[in-house]
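Worksheet: the structure to be examined is printed underneath.
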Amino acid sequence: MKRSNKDPRPARGPDDGDAHGLRRRDVLGYATAAPLASAAAGFAGLGALTAPASAVAALLPMTPPDTTDLIDIGDAVTLTSLPTMPLVKVTNTGDGRVRLALPRLEVGQGIATASAMMLADKLRLPLSAIEVTSADASPELIWNQLTGGSSSVRSMHAGMPLLGGLGGLLSGSTPSVVGQRVTRLDALDIVTGRKKFTLDQAVPNAKPTMVRRPPTINGKFVGINNMNTVMAMPGVIGVVPIPSTNGITPTPPGVAVMAETFGQAWAAVNALDVTWAAGPLDGESNATIMRKLKSSLLPFALPPLGALTVEAEFEFAPAAHCPMEVECAIADVRADRAEIWAGLQSPIVTQQAVAAELGLPLNKVIVHAVPSGGSFGRRLFWDPVLQAIQVSKALGRPCRLMYHRTDDMRHTRIRPPIYQKARATMLLGQVIAFEQRIASVRLDTRHGFGNMLEAAAIALPNAFPQTVGNFAIEQVMFKTMVTSPYNFGVTTKLLTPVPMDMNTCSYRSVHIQPARLVEEILVDEMARAARKDPIAFRLEYLRLPRARAVLKAVAEAAQWGKAMPAGFAQGVAVHQESKSFTACIVEIDARVPAQARVVRATIVIDVGTPINPSGIEAQLQGGLCESIALVLSAGLHIQNGLPLEGSYSQYHFSRMKHYPKDVKIIIMPANGEAIGGLGEVGLSASSGAIANAYGRATGIKPRSFPLNFPVDFTPIPPGKLPTPVNVPIPA
């Protein structure tokens, strides 16, 4: 038997307010309450109807106005990048090709290809004539070499006319390539294994190195009890204690072993007998941290005043960035110079920090930013570089350092745990206020804007888990990134960073995904309380025509309201960020709630001016995959001061089998608007849609993320790497 997605019967949950029998024509009727300005694509039936004047007149505009409507972090990065764009190196290679030294890091997001397309158009050359390399750390670029904030393509597009040396370069008459589908320039190299990542760099005599880490986060090194035994093991070159330093960003503590092979280094690391002292988080768990966060929440500004309220509290477990390429670095430190190779989103401050750590002049430190196999924000910091230079300096040899996957989850920087409380207030059938309070373990922003000057200012007074500068930068990031697309009257969103000595770092979308996920869940519950269809309710309150256009388009393409089997449901969410607008509808199979699966997804996005549609689709597909993980299954259990998860088998990030077979992505045509951001935009709408679909299918209100979060594995003992598993090659 088929059931409608708005069927009132128990398959969608006992409290599902859509059970009041809304039909498709009800959706159309409610949708007319919005001041529809565009029906260029999608739900043509909605745009053809007239909005009831009473509904429109009753809406209260967002008060105060949203900061991101005036300036967002991408605007700030673009503005600060423009003055040094003439210093970005573009050269004629003499063989009919032009080479761009990209001042941003390619980490899989496709910015190298997009930049090549824009440069090809600028010079009217074929795309094959453009070569893109990764720029070494170049201090003269100042704020123009930081990768983050979904700003790379925006800032490169704005700065393209200013690039150095354009006047003396080749030029042609090739038709424009921008807006066409283009395969990534490095795609063939990636799939054939020719692409060179950090550990592939041909650095002579750079020896494999691995590190023994403390049994708890930031545990203190005391001493090695069996140095002679480990030094006598096969292939071992040297053992180097790495106590935590007190630099702008501390060196992660550990004991490193350099050997002839990684296998020998791994064996020697596990043979070490190290005495450790307690770390700052010993005894902490997800539960104790959540209690501290909850107690730190600021109160709402407005009382309920007898109006109808929709209110809820939410927990978010910490999450690991977990890219395929683990943290790694190569360092060659000599008495009078040093050379570094690593995936670095902020290479200038890395160069400055290494020079300061080694006591070398800045011009004696060369830092190569190597394109990486994923980042999601983690390579804003240079932790493995700090360890690698200590080892290379101590042993007088180039060091090829690699984290084990277990430490890449347990001792890396993580998305901090978060606690939220939100309340919507409705009066006379209209939303008059929306308030959101967020408490999070403080986010480490000591990378600054990519330079030592800001990094040092942010870190003062040093050695404290929270500083005035760090607090200020985190608030600026929050205000220039987190937005709301709705006219909900008085709107307040406040962040309370809670100081804890935890290794944290911006995670893709930073504060946006959890903040907007909560808002989109509440929007569904507000619609239910108002006895309105979720899409109709959203159309009524969305502030901007581009947001309404993507929502209408996704509703049409996904057949919103279609019949669904019992245990299945659709979920919807809409989002705006970095001058881009997106909406998503997913279909979920939650017949077994603990094994809920997204089976279909439809995503519509408006980026103003699309550069490479294939790249846009890839970013949205990656965002969907990440949303499935963060909403349904992926998180870290901190227990006794250490995450339990130590491998992909334990950290339940999405596998191929979890990705829906039916995914449709619609890119709105160029509309004359400026290029919007993309890297982080793809998470919030898909996250909200998945959570809302889960709630509708199961009747379980989504409140704690990930929704399915068991410890269904045997943790690797603290302080140890897992025993290598040797699988014999069949004869």
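The values are calculated or read from the model by the stated rules, or taken from the named source; none is laboratory data. Every value quoted in this text rests on a predicted model; they were computed, and no experiment measured them. Cβ: placed from backbone, ideal geometry, glycine included. Neighbour counts: every protein chain shown. When the accessible area is computed, the model is the full protein with side chains, heavy atoms only, and any ligands, DNA or RNA have been set aside. Shrake-Rupley method; radii C 1.70, N 1.55, O 1.52, S 1.80 Å.
Before moving on, here are some points about what is shown:
- Across the stretch 497-514, computed HN-Hα scalar couplings (Karplus, 6.51 cos²θ - 1.76 cosθ + 1.60, θ = phi - 60°) run x, 9, x, 9, 7, 10, 7, 10, 6, 4, 10, 2, 5, 6, 8, 6, 4, x Hz from first to last residue, x flagging Gly and Pro.
- Virtual spin-label span in nm between Val468 and Glu140, 7 Å along Cα→Cβ: 3.6
- In nm, spacing of pseudo-spin labels at Lys195 and Gln639 (7 Å Cα→C-beta vector): 3.6
- Separation between Cα centres of the stretch 371-415 and the stretch 232-291, rounded to whole Å: 12
- Distance between modelled label sites at Glu313 and Ser128, nm, 7 Å Cα→Cβ extension: 6.3
- Karplus-derived 3J(HN,Hα) values for the stretch 676-691, using 6.51 cos²θ - 1.76 cosθ + 1.60 with θ = phi - 60°, are x, x, 9, x, 9, 5, x, 8, 5, 5, 5, 5, x, 5, 5, 4 Hz; glycine and proline are entered as x.
- Added length on full extension, which subtracts the Cα-Cα distance from 0.36 nm per residue, Val711 to Ala271: 155.6 nm
- Residue separation of Lys294 and Arg181 scaled by 0.36 nm, minus their Cα-Cα distance, works out to 36.0 nm of gained length.
- Per residue value of the accessible surface for the chain (all protein chains in place, 1.4 Å probe), Å²: 36
- Computed on the stretch 116-222, with alpha-carbon pairs under 8 angstrom and 6+ residues apart, the relative contact order is 34 percent.
- Theoretical gain in end-to-end length, Leu362 to Ser647 [0.36 nm per residue, Cα-Cα removed]: 98.8 nm
- The stretch 349-484: relative contact order as a whole-number percent, Cα under 8 Å and 6+ apart: 17
- For the residue pairs Lys196/Lys364; Lys421/Lys661; Lys421/Lys552; Lys421/Lys579; Lys220/Lys493; Lys479/Lys701, alpha carbon separations beyond 32 Å are given by Lys421/Lys661; Lys220/Lys493.
- Amide hydrogen neighbours beyond the local backbone of Arg104, cut-off 5 Å, H modeled: Ala135
- In the chain, Cα pairs under 8 Å separated by at least six residues give a relative contact order of 19 percent.
- J(HN,Hα) series, the stretch 290-297, from Karplus relation 6.51 cos²θ - 1.76 cosθ + 1.60, nearest Hz, glycine and proline x: 4, 5, 5, 5, 4, 6, 8, 4
- Computed about its Cα centre, the charge dipole of the chain is approximately 1100 debye, with only Lys, Arg, Asp and Glu carrying charge at their Cβ.
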